[in-house]
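Notes for the one structure printed next.
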Amino acid sequence: MGRRVVVVDDESLTRMNFVEFLEDQGYEVVGQACNGIEAVKICDETLPDVVLMDIEMPKMNGLDAAEQIIANKSVKGGIIFLSAYSNKIHIKRASRLGAGGYLVKPLDEKSLIPTIECVIAKGRENIGLSEEINRLEVTLEDRKVIERAKGLLMEKNNISEAIAYKTLREISMKRRVSLREIADILVSANDG
């Protein structure tokens, strides 16, 4: 995961200042938007690591845009909300959305970079966890099919679980295909 950022603010001067500052700090600004609708579109197209999102904007506010961006899985790391107000309702909703941060403007530039870096690190961690969950789900699904095939062999041939498993492994090795593929064939043959 890199250091790709989208900047969303309805005030063009503020947006330009953020872009200049971020680029000076070595970030790649991959998109800019002045309202939530544009933000959703740009994030869908660029899949940034971080979005700096103003909250109060015309057409669609930053919280609604963030909700869509998160639902679309269009940001790798997270969203840092920016607001001129420390509004408790906004803070609560931003927290429910899983905000990477909530910074009050005018920003102290010293706090922006650590916040961005923390969001990027958390994004990497979440991607790793997501990949592990996917791997475990595949493993679990494989086990379910293998257990079913083993059960079919046990029932059909009146053999023990250990012998059924050994038989599946021998067929798998002999045919040079995975245990899951052999199990799929046996289960499909039984169902079909």
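The values are calculated or read from the model by the stated rules, or taken from the named source; none is laboratory data. Keep in mind that this is a model prediction, so the values were computed, not measured. Here the Cβ is made from the backbone with ideal geometry for all residues, glycine too, and neighbour counts use every protein chain on show. Areas reflect the complete protein model, heavy atoms only, side chains present, ligands, DNA and RNA absent. Shrake-Rupley method; radii C 1.70, N 1.55, O 1.52, S 1.80 Å.
Miscellaneous remarks
- The share of accessible area on the range 1-49 that comes from carbon and sulfur is 47 percent, using a 1.4 angstrom probe.
- Between the alpha-carbon centres of the range 1-30 and the range 93-121 there is a gap of 14 Å.
- Aspartates and glutamates with Cα under 13 Å of LYS166, excluding same-chain neighbours fewer than 8 positions away: GLU147
- For the cross-link pairs LYS150/LYS174; LYS144/LYS174; LYS76/LYS110; LYS41/LYS110; LYS76/LYS144; LYS59/LYS110, the ones whose C-alpha atoms lie over 25 Å apart are LYS41/LYS110; LYS76/LYS144; LYS59/LYS110.
- Within the range 53-146, the chymotrypsin sites (Phe, Trp or Tyr not before Pro) that combine a DSSP coil assignment with at most 14 other C-beta atoms in a 10 angstrom radius are TYR85.
- Other-chain or far-sequence residues with amide H under 5 Å of TYR27's (modelled H): none
- Degrees, to the nearest 10: 62-71 long Cα axis against longest axis of the chain: 20 degrees
- Binned Cα-Cα distance frequencies in the chain - 5 Å width, integer %: 1, 8, 14, 15, 13, 7, 4, 4, 5, 7, 7, 6, 5, 2, 1, 0
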